[in-house]
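K.L.:
A single structure is presented below for examination.
The values are calculated or read from the model by the stated rules, or taken from the named source; none is laboratory data. Remember, predicted model here, so these are calculated numbers, not experimental data. Backbone-built Cβ (ideal geometry, glycine too); neighbour counts: all protein chains shown.
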Amino acid sequence: MRWALVALLALVAAGVVALALVSLLPDGEPALRDAFATRGPALVGALVAAFLAPWLAAVTMRRGGTRSAPSGASATAPPMAPTIDPDAPALQLLALLQQEGRFVDFIEEDLTPYSDEQVGTAVRAIHDGCRAAIRERITLRPILAAAEGATVTVERGFDPAAVRVIGNVRGEPPYRGVLRHPGWRSERVTLPERTGSADATIVAPAEVEVL
């Protein structure tokens, strides 16, 4: 159907051009130059038709191409990139602390009914397990290599993300003060790779003992 319309437009344009030329050059006319002066509108119409026909044909073909794709082509959506849960590593580390030191159980436990002695006894086991889990998979180093309570100097150009200056802060660095906490910086993080399609939100599975 599209090609038939294009052919029809071409025939109409050709007929218009032919009629215009015939009217411009009848028998007895002196020359084509005089025709420009006496029959200018007809000549303009012929020229416009000659340029209008290809333009209409191109527009028709373009519109027809946007409505339908070739029979041999297939439109497929690009594959989606795999999504990575940004919370998965943190939950994985929390699961390791729970597995080795029952950290989540301790945090979620209401310690009000227990005495300080009972809490202290439980904390020792939790501390040992969590410390082993952290040291096995994460290497930590203090940001400032000094003991707490020592006098240190914070030089000009320090990183405010690594060193937080507190207290009576005035003027520009260097600052001289007492080290209240050395800070920690991780040098190595090695978490076990997750396999399969396990739910990353499960920190610890429920346990049911069948009697």
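K.L.:
Go over the candidates 155, 193 one by one and state the one that is without any contact (Cβ under 8 Å) to a residue 40 or more places away in the chain and either aromatic (Phe, Trp, Tyr) or under 22 Å from residue 88 (Cα atoms) (or both).
P.N.:
Values: 155 fails: either aromatic (Phe, Trp, Tyr) or under 22 Å from residue 88 (Cα atoms) (or both).
Unique residue meeting the criteria: 193.
K.L.:
If you don't mind, another one. Which of the numbered conditions does residue 136 fail, given that it passes all the others? Conditions: (1) under 25 Å from residue 202 (Cα atoms); (2) surrounded by 12 or more Cβ atoms within 10 Å (Cβ to Cβ).
P.N.:
Of the numbered conditions (1) under 25 Å from residue 202 (Cα atoms); (2) surrounded by 12 or more Cβ atoms within 10 Å (Cβ to Cβ), the odd one out for residue 136 is (2).
K.L.:
Still on this structure, I have one more. Condition test on residue 160, is it without any contact (Cβ under 8 Å) to a residue 24 or more places away in the chain, surrounded by 10 or more Cβ atoms within 10 Å (Cβ to Cβ), farther than 28 Å from residue 95 by Cα and assigned by TED's automatic domain parsing to the domain that holds residue 94?
P.N.:
When the stated conditions are applied, residue 160 does not pass them.
K.L.:
Suppose the filter is out of contact with any helix residue (DSSP H, G or I) (no Cβ under 8 Å at 6 or more places or on another chain) and either modelled with pLDDT of 90 or more or farther than 25 Å from residue 184 by Cβ (or both); does residue 75 pass it? Spell out how you get there, then give the answer.
P.N.:
Details: out of contact with any helix residue (DSSP H, G or I) (no Cβ under 8 Å at 6 or more places or on another chain): yes; either modelled with pLDDT of 90 or more or farther than 25 Å from residue 184 by Cβ (or both): yes.
So residue 75 passes the test.
K.L.:
If you don't mind, another one. One residue is enough: does the stretch 182-189 have a residue meeting the conditions of a type in the set (A, V, I, L, M, F, W, C), within 37 Å of the chain's Cα centre (by Cα) and exposed (fewer than 12 other Cβ atoms within 10 Å of the Cβ)?
P.N.:
Taking the stretch 182-189 first, the residues of a type in the set (A, V, I, L, M, F, W, C) are 184, 189.
Imposing the further condition that a residue be within 37 Å of the chain's Cα centre (by Cα) reduces the set to 184, 189.
Within this subset, residues satisfying the condition of being exposed (fewer than 12 other Cβ atoms within 10 Å of the Cβ) are 184, 189.
Looking through the stretch 182-189, at least one residue is of a type in the set (A, V, I, L, M, F, W, C), within 37 Å of the chain's Cα centre (by Cα) and exposed (fewer than 12 other Cβ atoms within 10 Å of the Cβ).
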